[in-house]
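A quick write-up on the structure given underneath.
The values are calculated or read from the model by the stated rules, or taken from the named source; none is laboratory data. Everything numeric in this text was worked out from a predicted model, so none of it was measured. No Cβ is skipped: glycine too gets one built from the backbone with ideal geometry, and neighbour counts run over all protein chains shown. Ligands, DNA and RNA are excluded from the accessible area calculation, which covers all protein heavy atoms including side chains. Shrake-Rupley method; radii C 1.70, N 1.55, O 1.52, S 1.80 Å.
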Amino acid sequence: MRLRDKLELLIELQKMESAAGKIVARKKDLPAQMEELDAQFAALSATVKTEQEQLENLRKRRREKDSQLQSGQEMLKRTRERLFEVKTNKEYQSMLKEIETLETKNSHLEDEIIVLLDEIDRLEAVMKTKEAELNAGRLRYEEQKVKLEEEFKAIEVELDVCVRKSGEIRKNIPGDLLRKYEQIKAVGRGLAVVSVWMEICDGCHMAIPPQLYNELQKTVDLLTCPNCSRIIYWKNKNDGSA
């Protein structure tokens with residue numbers, strides 16, 4: 001097998017494996033994104049639920065105050081009716097005091113009910129806005145969830161393709177060369193084969209000796225960068241050819 005053919009196989013293998021690495025990284029990120037999406041929607045739902053509970057509590061308090069006021073008004077009515085039945089001035093004065101106390105209590109209840117009604121009206125307006133936000137948020141959540149799930153399925157397919165193609169390429173690379181490729185890749189941060197142009201290695205971005213650069217353009221032997229030990233090949237970046 002010609003050196004050029006070997007290099008092309010190594011370059012193609014590296015492309016497939018680099019693509020697979022990016023897909024794997026993306027695949028790891030997706031569950032975290034899904035969890036974050038779930039957490040954001042759960043937080044929005046919890047906020048709306050809390051405010052809904054506050055509104056229900058206010059309505060409950062208002063019903064309780066209405067019931068207390070109704071009881072107080074009935075008691076006041078009965079007390080006023082009894083006022084005409086008293087026979088002594090002392091009883092009359094005591095009854096007036098009781099009426100005054102009931103009137104004061106009922107007045108306070110009416111004031112409290114008015115405050116509650118104002119607060120209920122305010123919260124009901126807030127809830128309309130919050131519920132609209134929740135509905136819009138639910139739509140966004142569902143759309144993004146589906147999108148992430150579809151992306152997850154798509155990258156599974158892409159990963160399978162990359163793995164399959166990598167396996168096919170590996171079968172055509174001589175064993176000793178493949179071992180050398182793996183050894184260099186293990187210490188070269190994933191890159192084992194890099195191009196060189198204008199005496200600069202694309203792997204470590206260091207200059208290689210001019211003699212080595214000249215040899216690289218015409219050699220039939222596999223050469224490595226003296227700085228980073230990666231497999232190197234000459235690439236003319238002016239025309240994009242390898």
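Please go through the range 142-158 and pick out each residue that is open to solvent by 50 Å² or more (accessible area, probe 1.4 Å) and not β-branched (Val, Ile, Thr). Residues satisfying the conditions are Glu142, Glu143, Gln144, Lys147, Glu149, Glu150, Glu151, Phe152, Lys153, Glu156, Glu158. Mind listing just one residue for me: the one in the range 202-233 that is touching a residue at least 12 places away in the same chain (Cβ under 8 Å) and among the polar types (S, T, N, Q) and, of those, farthest from Leu9 (Cα to Cα)? Step by step, filter the range 202-233, then rank; the result is Asn227. Selection over the range 12-24 of residues that are open to solvent by less than 50 Å² (accessible area, probe 1.4 Å) and within 21 Å of Lys147 (Cβ to Cβ) gives a count of 1.
How about the range 181-206: which of its residues are of a type in the set (Val, Ile, Thr) and touching a Ser or Thr at 6+ places or on another chain (Cβ under 7 Å)? Talk me through it step by step, then tell me what you get.
Looking only at the range 181-206, we keep the residues that are of a type in the set (Val, Ile, Thr), and these are 184, 187, 193-194, 196, 200.
Correct list: Ile184 only.
Whenever a residue of the range 12-26 is in contact (Cβ under 8 Å) with a residue 24 or more places away in the chain and acidic (Asp, Glu), its partners that are open to solvent by less than 40 Å² (accessible area, probe 1.4 Å) and part of a helix (DSSP H, G or I), lying with C-beta atoms within less than 6 angstrom and at least six residues away or across chains, give the pairs Glu12/Ile169; Glu17/Ser166.
Please go through the range 42-53 and pick out each residue that is open to solvent by 40 Å² or more (accessible area, probe 1.4 Å) and either touching an Asp or Glu at 6+ places or on another chain (Cβ under 9 Å) or of a type outside the set (Gly, Ala, Ser) (or both). Walk me through it before giving the result.
Of the range 42-53, the ones open to solvent by 40 Å² or more (accessible area, probe 1.4 Å) are 42-44, 46-47, 49-50, 52-53.
Residues satisfying the conditions are Leu44, Thr47, Lys49, Thr50, Gln52, Glu53.
Taking the stated definitions as given, is Leu123 more than 21 Å from Val24 (Cα to Cα) and surrounded by 13 or more Cβ atoms within 10 Å (Cβ to Cβ)? Yes.
Count of the range 159-172 residues, restricted to those that are open to solvent by 50 Å² or more (accessible area, probe 1.4 Å) and touching a residue at least 60 places away in the same chain (Cβ under 8 Å), is 4.
Working only within the range 180-213, note down all residues that are open to solvent by less than 40 Å² (accessible area, probe 1.4 Å), within 10 Å of Arg230 (Cα to Cα) and not in a loop (DSSP other than H, G, I, E, B). Talk me through it step by step, then tell me what you get.
So the first thing to find is which residues in the range 180-213 are open to solvent by less than 40 Å² (accessible area, probe 1.4 Å), and the list is 181, 184, 188, 190, 192-196, 201, 203-204, 208, 212-213.
Remaining after also requiring within 10 Å of Arg230 (Cα to Cα): 181, 184, 188, 192-195, 201, 203-204.
Result: Tyr181, Ile184, Val193, Val194, Ser195, Cys201.
When residues of the range 66-93 are filtered for being assigned to a helix (DSSP H, G or I), of a type in the set (Ser, Thr, Tyr) and surrounded by fewer than 12 Cβ atoms within 10 Å (Cβ to Cβ), how many remain? Spell out the reasoning first.
From the range 66-93, those assigned to a helix (DSSP H, G or I) are 66-83, 89-93; that's our starting set.
From what's left, of a type in the set (Ser, Thr, Tyr): 67, 71, 79, 92.
Imposing the further condition that a residue be surrounded by fewer than 12 Cβ atoms within 10 Å (Cβ to Cβ) reduces the set to 67.
Residues flagged as assigned to a helix (DSSP H, G or I), of a type in the set (Ser, Thr, Tyr) and surrounded by fewer than 12 Cβ atoms within 10 Å (Cβ to Cβ) within the range 66-93 amount to 1.
Listed by first and then second residue, the pairs linking a residue in the range 96-111 that is within 18 Å of Glu81 (Cα to Cα) to a residue that is assigned to a helix (DSSP H, G or I) and open to solvent by 80 Å² or more (accessible area, probe 1.4 Å), with Cβ atoms under 8 Å apart and 6 or more places separating them unless they lie on different chains, are Ile99/Arg80; Leu102/Met75; Asn106/Gln73.
Give the residue, chosen from Glu156, Glu150, Glu143, that is farther than 17 Å from Leu7 by Cβ, outside any strand (DSSP E or B) and touching a residue at least 40 places away in the same chain (Cβ under 8 Å).
Details: Glu150 fails: touching a residue at least 40 places away in the same chain (Cβ under 8 Å); Glu143 fails: touching a residue at least 40 places away in the same chain (Cβ under 8 Å).
Testing whether each residue is farther than 17 Å from Leu7 by Cβ, outside any strand (DSSP E or B) and touching a residue at least 40 places away in the same chain (Cβ under 8 Å) leaves just Glu156.
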